[in-house]
Amino acid sequence: MDAMELLHQLCVNIVWIFKIYLKFAFITVIIYLVAEWYIVRYGIELEDQLDGNVAANDRPASNSTLSKVFRFVLNFFII
């Protein structure tokens, strides 16, 4: 094998690795969007279930999307 064939094979391998990373990123974005959709659609019921049906004025001040996703993931693995 000469140097050009080795360089070509290296570039092909780099492209394949890049494709794998893109697939993982795409799958991660899809999972995030599904979790976000679930939280927007069923978030109130999920929070009531996790908080023990507390009143609306007793809720914690933090109502960020990240905490909702974290609660959803915990709820998924616990139940």
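Worth pointing out:
- From D2, D58, residue being surrounded by fewer than 10 Cβ atoms within 10 Å (Cβ to Cβ) and at pLDDT 75 or above: D2
- Residues of the range 1-46 that are under 15 Å from the mean Cα position of the chain (by Cα) and of a type in the set (G, A, S): A25, A35.
- For beta carbons closer than 6 Å, sequence separation of 6+ or different chains, a first residue in the range 34-47 that is closer than 9 Å to F72 by Cβ and in contact (Cβ under 8 Å) with a residue 24 or more places away in the chain and a second that is surrounded by 15 or more Cβ atoms within 10 Å (Cβ to Cβ) and of a type in the set (A, V, I, L, M), the qualifying pairs are A35/V69.
The values are calculated or read from the model by the stated rules, or taken from the named source; none is laboratory data. In this text, all values refer to a predicted model and were calculated from it rather than measured experimentally. Here the Cβ is made from the backbone with ideal geometry for all residues, glycine too, and neighbour counts use every protein chain on show.
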